[in-house]
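Notes to accompany the following structure.
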Number of protein chains: 2
Amino acid sequence: MVGTRKFNEEKVLDIAIDVFSRKGFNATTMLDLAKETGVQRGSLYNAYQNKNVLFFKAFSHYTDKFLTFIESELQQSDAKKAFTQLLKTVVERLCSDKEVKGCFSTRAIMEAAQQCPDIHVCLTRFLDGLEVIMKNRLEQAIKDKQFVGDAQSSARYLVALTRGIAVIERVYNDKARMTEIYQTALEYMPFKKVS
Amino acid sequence: MVGTRKFNEEKVLDIAIDVFSRKGFNATTMLDLAKETGVQRGSLYNAYQNKNVLFFKAFSHYTDKFLTFIESELQQSDAKKAFTQLLKTVVERLCSDKEVKGCFSTRAIMEAAQQCPDIHVCLTRFLDGLEVIMKNRLEQAIKDKQFVGDAQSSARYLVALTRGIAVIERVYNDKARMTEIYQTALEYMPFKKVS
DNA sequence: ATCATTTTTGACATAGGTGTCAAAGTTAGT
DNA sequence: ACTAACTTTGACACCTATGTCAAAAATGAT
């Protein structure tokens with residue numbers, strides 16, 4: 001390649017995710033992204049055509065990392081512990097920063113899903129991915145006699161629950177409340193101790 | 001009063017709720033509201049100072065009606081049936097229109113809660129109200145030996161679940177999926193049949 | 001070292017939304 | 001019927017964001 005790109009694309013996408021997380025999709029402008037990444041607005045328009053495409057790229061970047069992470073969190077022999085661990089880190093991620101942040105994907109769903117078919121598709125794929133990962137782990141748990149519910153419907157239910165927790169974060173921004181919610185949910189689910 | 005307001009304020013607020021539901025808070029402009037209500041933009045600025053205040057008024061109008069409605073849905077002797085009924089109508093409301101709509105409050109939470117303290121307060125109050133209504137019904141169920149969980153934490157959990165279902169609506173817009181989710185959740189909850 | 005190709009940069013025109021205001025219109029109360 | 005008080009209306013100035021473009025700068029390949 002000849003006129004090589006100056007900016008670190010990975011870094012820009014990471015920052016973009018952060019900005020989108022904090023401000024939401026609509027409230028984030030190309031100027032915001034330019035300022036926070038240190039890349040000129042024109043360069044962003046050159047590299048990506050517009051905000052939608054930039055978002056699309058940033059989101060793909062994010063989901064790949066996130067789904068891998070989720071999957072790794074579920075690698076634990078005890079199924080209930082595995083899901084507890086997963087939800088615990090999800091909550092911790094949501095509340096990690098001093099400054100209020102929020103869930104990237106949930107904010108995007110509520111704002112951008114209808115506006116742009118491409119974004120809608122990648123959001124759907126993301127939730128589908130989450131669901132599959134959870135379903136697989138639940139099927140394993142059923143085989144291990146650690147769970148007696150239906151894997152498919154329980155996975156869908158858990159996906160919805162995580163979205164709900166992300167909404168609760170916006171209102172109360174209270175880790176204890178979010179923890180209480182997922183603990184209640186997991187307590188009610190038909191996990192079994194194997195003796 | 002002398003120069004009386006021409007437009008029907010109740011009607012305007014109802015329409016405003018509808019527009020905010022469909023477009024979301026940020027994407028809704030005063031022009032949109034003027035067009036859809038048939039009231040001139042200037043009149044809206046005269047009656048309410050700005051979009052935030054208008055939203056605030058519309059939201060108060062909405063929550064009063066909604067919470068009363070929720071409470072009435074829970075008036076059933078069988079606790080599990082009562083909550084099933086509630087979630088069923090919530091889902092039906094979310095999917096009722098031919099054109100995609102979405103949950104007014106959840107959209108507002110994800111978009112506007114951080115932007116405006118007033119709105120944040122009324123959103124918090126709304127969720128608190130929901131929680132109290134559900135908690136009261138669960139306490140009744142416990143007295144009736146129809147529920148063996150903790151009323152407070154279960155109510156918070158259910159509030160989160162309804163928010164999650166509203167997010168799922170945005171992505172899949174699929175009534176069957178939403179129904180499956182709340183049925184799974186209620187199935188897992190420790191409701192008891194009284195014989 | 002030069003060239004071809006891409007990126008960077010700043011400027012520009014455009015579009016859309018906000019909030020304000022003065023003038024015109026309306027109406028309850030006297 | 002008149003008036004005082006309010007609403008309606010359309011115009012206005014302002015701001016912010018978008019997307020485009022031409023010129024300048026940068027650099028891998030020859």
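The values are calculated or read from the model by the stated rules, or taken from the named source; none is laboratory data. Quantities reported herein were computed from a predicted structural model and do not represent experimental measurements. Quick reminder, even Gly has a Cβ in these numbers, built from the backbone with ideal geometry, and neighbours come from all protein chains shown. Note: accessible area is taken over every heavy atom of the protein model, side chains too, but ligands, DNA and RNA are not part of it. Shrake-Rupley method; radii C 1.70, N 1.55, O 1.52, S 1.80 Å.
Keeping to region A:46-69, report how many residues are more than 14 Å from chain B (Cβ to nearest Cβ), more than 10 Å from DNA strand D (Cβ to nearest atom) and open to solvent by less than 30 Å² (accessible area, probe 1.4 Å).
4
Could you check how many residues of region B:1-28 are under 24 Å from the mean Cα position of the chain (by Cα), open to solvent by less than 60 Å² (accessible area, probe 1.4 Å) and either of a type outside the set (D, E, K, R) or within 12 Å of DNA strand C (Cβ to nearest atom) (or both)?
Count: 13.
Taking into account only those residues within region B:150-161 that are open to solvent by less than 10 Å² (accessible area, probe 1.4 Å) and facing chain A (nearest Cβ under 7 Å), which is farthest from A:ILE109 (Cα to Cα)? Spell out the reasoning first.
Within region B:150-161, the first condition is being open to solvent by less than 10 Å² (accessible area, probe 1.4 Å), and the residues that meet it are B:151, B:154-155, B:157-161.
This time we only want the ones that are facing chain A (nearest Cβ under 7 Å), so: B:154, B:157, B:160-161.
On the way: B:SER154: 26, B:TYR157: 21, B:ALA160: 16, B:LEU161: 16 Å.
Among them, the one singled out is B:SER154.
Starting from region A:137-161, take each residue that is without any contact (Cβ under 8 Å) to a residue 12 or more places away in the chain and list its partners that are open to solvent by 20 Å² or more (accessible area, probe 1.4 Å), counting only C-beta distances under 6 angstrom and pairs at least six apart or across chains.
What qualifies is A:SER153/B:GLU180.
On the basis of being buried (at least 24 other Cβ atoms within 10 Å of the Cβ), in contact with a Phe, Trp or Tyr (Cβ under 8 Å, 6 or more places away or on another chain) and not in a loop (DSSP other than H, G, I, E, B), does B:ILE165 make the cut?
yes
So in region B:29-38, with the set limited to residues that are within 14 Å of DNA strand D (Cβ to nearest atom) and open to solvent by less than 70 Å² (accessible area, probe 1.4 Å), which one is farthest from the other protein chains (Cβ to nearest Cβ)?
This residue is B:GLY38.
Mind checking which residues of region A:105-119 are open to solvent by 50 Å² or more (accessible area, probe 1.4 Å) and outside any loop (DSSP other than H, G, I, E, B)? Before you say what the answer is, go through the steps one by one.
Taking region A:105-119 as the starting set, the residues that turn out to be open to solvent by 50 Å² or more (accessible area, probe 1.4 Å) are A:114-115, A:117-118.
Of everything in region A:105-119, those that are open to solvent by 50 Å² or more (accessible area, probe 1.4 Å) and outside any loop (DSSP other than H, G, I, E, B) turn out to be A:PRO117, A:ASP118.
Determine which single condition B:GLY42 fails, assuming it passes every other condition in (1) open to solvent by 60 Å² or more (accessible area, probe 1.4 Å); (2) more than 23 Å from B:ASP97 (Cβ to Cβ); (3) part of a helix (DSSP H, G or I).
(1)
Filtering region B:46-69 down to residues that are small (Gly, Ala, Ser) and under 15 Å from the mean Cα position of the chain (by Cα), which residue is farthest from DNA strand C (Cβ to nearest atom)? Spell out the reasoning first.
Residues of region B:46-69 small (Gly, Ala, Ser): B:47, B:58, B:60.
In the following step, the residues that additionally are under 15 Å from the mean Cα position of the chain (by Cα) were identified as B:58, B:60.
Working: B:ALA58: 14, B:SER60: 19 Å.
This residue is B:SER60.
Which of the residues belonging to region A:171-195 are assigned to a helix (DSSP H, G or I), charged (D, E, K, R) and either open to solvent by 40 Å² or more (accessible area, probe 1.4 Å) or modelled with pLDDT under 95 (or both)? Write out each step before concluding.
Taking region A:171-195 and keeping what is assigned to a helix (DSSP H, G or I), we get A:171-172, A:175-188.
If we keep only those that are charged (D, E, K, R) as well, we get A:175, A:177, A:180, A:187.
Those that are assigned to a helix (DSSP H, G or I), charged (D, E, K, R) and either open to solvent by 40 Å² or more (accessible area, probe 1.4 Å) or modelled with pLDDT under 95 (or both): A:LYS175, A:GLU180, A:GLU187.
If you check every pair at least six apart or on different chains, which have Cβ atoms under 7 Å apart with a residue in region B:75-88 that is in a helix (DSSP H, G or I) first and a residue that is aliphatic (A, V, I, L, M) second?
Every condition considered, the pairs that remain are B:ALA79/B:ALA141; B:LYS80/B:LEU186; B:ALA82/B:LEU74; B:PHE83/B:LEU186; B:THR84/B:LEU186; B:LEU86/B:ILE70; B:LEU86/B:LEU74.
Tell me, please, whether a residue that is open to solvent by 60 Å² or more (accessible area, probe 1.4 Å) and under 19 Å from B:LEU161 (Cα atoms) can be found in region A:138-145.
Looking for residues that are open to solvent by 60 Å² or more (accessible area, probe 1.4 Å) and under 19 Å from B:LEU161 (Cα atoms), one finds none in region A:138-145, hence no.
Test of understanding: among B:SER43, B:SER72, which residue is away from chain A (no Cβ under 14 Å) and either within 12 Å of DNA strand C (Cβ to nearest atom) or in contact with a strand residue (DSSP E or B) (Cβ under 8 Å, 6 or more places away or on another chain) (or both)?
On the way: B:SER72 fails: either within 12 Å of DNA strand C (Cβ to nearest atom) or in contact with a strand residue (DSSP E or B) (Cβ under 8 Å, 6 or more places away or on another chain) (or both).
So the residue among B:SER43, B:SER72 that is away from chain A (no Cβ under 14 Å) and either within 12 Å of DNA strand C (Cβ to nearest atom) or in contact with a strand residue (DSSP E or B) (Cβ under 8 Å, 6 or more places away or on another chain) (or both) is B:SER43.
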